[in-house]
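First the structure, in the form of C-alpha cells, and then the observations on it.
Values in this text are rule-based calculations from the coordinates and carry no lab data. A quick note: this is a predicted structure, and the numbers were derived from the prediction, not measured. Counting neighbours? That spans all protein chains shown, and the Cβs are built from the backbone with ideal geometry, glycine included.
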Amino acid sequence: MFIIQSAHVYAPEDLGILDVLVGGGKVIKMASHLPVEPAYGVTVIDGAKKVLMPGLIDAHVHILGGGGEGGAKTRTPEVMLSDIISGGVTTVVGCLGTDGCTRTMSNLLAKAKGLEEEGITTYVYTGSYQVPVRTLTGSIIDDLILLEKVVGTGEIAISDHRSSQPTKEEFARIVADTRVGGILSAKAGLVNIHMGDGREKLAFLRHVLEHTQIPASNMLPTHINRSRVLMEDGIDYACRLGGYIDLTTSSDPDFLEPDEIKASTGLKLALDAGVDENHVTFSSDGQGSLPAFNPDGTFHGLGVGKVSSLYREMRDAVFLDKVPLASALKAVTANPATLLKLPTKGRIVEHADADLVLADEKTLAIDTVIAKGALMVSGGQLLVKGTFET
Ligand code: FWO
Ligand code: ZN
C-alpha cells in the first residue's frame, strides 16, 4: 500500500494537488487529503514539487527485436525490462516488422508473457509487415478471439518498398477481419499500419473510410512524421475524416529519413492545424530498426529504436514545442488506452491499474515508476531488473 502525498496530478487532465492511495495493484482513492494509517503498513511517498502521471503506453515496440534489412547481422536485439521502465513506460504492445520469418508469433507471445512476469503489462499485434498476414492460428479473427494478449493486427506495411504491395481490397479485408475479431473478443481490433515513403500515402485508409462502414478507430497509421508530405496528409486525414495518427519518437541522427519531423514538433503542427488532441498518439518503434536506403533502393545503414524516446518526445513537446503537459501526456497515455480499449490503463482514476510515474515538476525527470502497484523505479534508480539484467 502506498500513499503518494501532495503530488500535482495529471490524469492526464490537470487535477491539481492530491493524495493518491494505491493498493492491490489499483488506485484506490484520490482526495485533497488522505489520512495516513501506519497500522495498515502504508508507505508514504512524498509527491511535493512533483507531477504524478499515468504510466506511459507504448503501442509499437519490437519486443523481440526486429531489423534484418541489411542481412542477418543487422537483426536488432530484443527489449529488456529496464529499457521500458526507465522511460516511464508500464504497458507495451509488441509487434513484428519486416522480418516475419525469423521473428514468429509464438516467440512474440512468449516474450510478451516474459515481460508481464517481470512486472509490466503487455499485449501484442498478430502479423508483421506482410500480406497475407502471418498469424498463429491461421486466421486474424481466431488469433484475436483465442489468444488473450492479441489486441489487433500489425504492423501491416503499406506505401513502402518493403511491403507486400497489397491491394486496397486486401487491406480493407485485414481491417474488417481485425474489427470483427475485436468485436467478438471485446478487444480493440486495432490495425497498426506501417506507413512508408510511398506516393499513395494514406489513400488505402481513406478508401476504407469512404467505401466501408468501418470506423477510423480500427486503424492507427504510424510513422506519420517520417516526412513532411506524410505529416501533411496525416493532418488532413485526421482533420477531415476524423482519423487517428501515430508519430514515431525514435530517431537516429546518423540515419535520418529525408525531411523527417521530430515527433514533438509533429504533435505541435497537428494541434495547431486543428487536429483533435484525442486523435494523436506517440509510439517509440523501440528495438525496431531505423534503416536508411539509398535512392536506388540499396541498404545504407540502420539505427535501433529506443522505448525511452517516448518519454523524451513527450517532455520535449512541453519544453521545446510549448504543448501543454495535459495535451502532450494524452498522446502517450489516455489516447493509446482509448484506441486499444484498455479501460484500466492510461488514466489516474479510482479503480484504474496502479501504473504511475512521479517526476520533478520543473524538469520532468523521472523519480518513481509504479507498475501494477509495484515500485519499479525510486529516486530515479531501477529497483527491478529483467531476469538476465545485471
Ligand atoms: C521504420 C521497423 C522503418 C523492423 O521504416 O518499420 O523501417 O522491422 O525492425 N521501422 N523495419 C523506421 C522509420 C520510421 C524510421 C520499422 C523495422
Ligand atoms: Zn514500421
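For Met105, the shell of other residues with beta-carbons less than 14 Å away shows a net charge of 0, using +1 for Lys and Arg and -1 for Asp and Glu. By the compact-protein rule of thumb, 2.2 N^0.38 Å, the alpha-carbon radius of gyration of segment 180-221 corresponds to a ratio of 1.28.
When DSSP beta bridges are restricted to pairs lying wholly in segment 1-155, around 40% turn out antiparallel.
The DSSP beta bridges internal to the chain are antiparallel in roughly 50% of cases. Distance distribution P(r), segment 286-333, all Cα-Cα pairs, bin width 5 angstrom from 0: 5, 19, 18, 13, 13, 13, 10, 7, 1 percent. Using the Cα coordinates of segment 109-220, the gyration tensor eigenvalues translate into equivalent-ellipsoid semi-axes of 24, 16, 12 Å, sorted from longest to shortest. Within segment 74-127, the ratio Rg/Rh, alpha carbon atoms throughout and Rh by Kirkwood, equals 0.96. For segment 1-89, the Stokes-Einstein estimate of translational diffusion at 4 °C and a viscosity of 1.567 mPa s comes to 82 µm²/s, using the Kirkwood hydrodynamic radius over alpha-carbon pairs. The P(r) of segment 305-390 has a tail past 19 Å containing 47 percent of all C-alpha pairs.
Gyration tensor over the Cα atoms of segment 152-302: the corresponding equivalent ellipsoid has semi-axes (square roots of 5 times the eigenvalues, largest first) of 24, 18, 14 Å.
For the chain, a Kirkwood hydrodynamic radius built from all Cα pairs, placed in the Stokes-Einstein relation at 37 °C and 0.692 mPa s, yields a translational diffusion coefficient of 157 µm²/s.
Taken one residue at a time, the phi angles of segment 32-39 give Karplus couplings (6.51, -1.76, 1.60, θ = phi - 60°) of 5, 8, 10, x, 8, 9, x, 4 Hz. Gly and Pro are set to x.
Taken over the Cα atoms of segment 167-238, the convex hull encloses 80 Å³ per residue.
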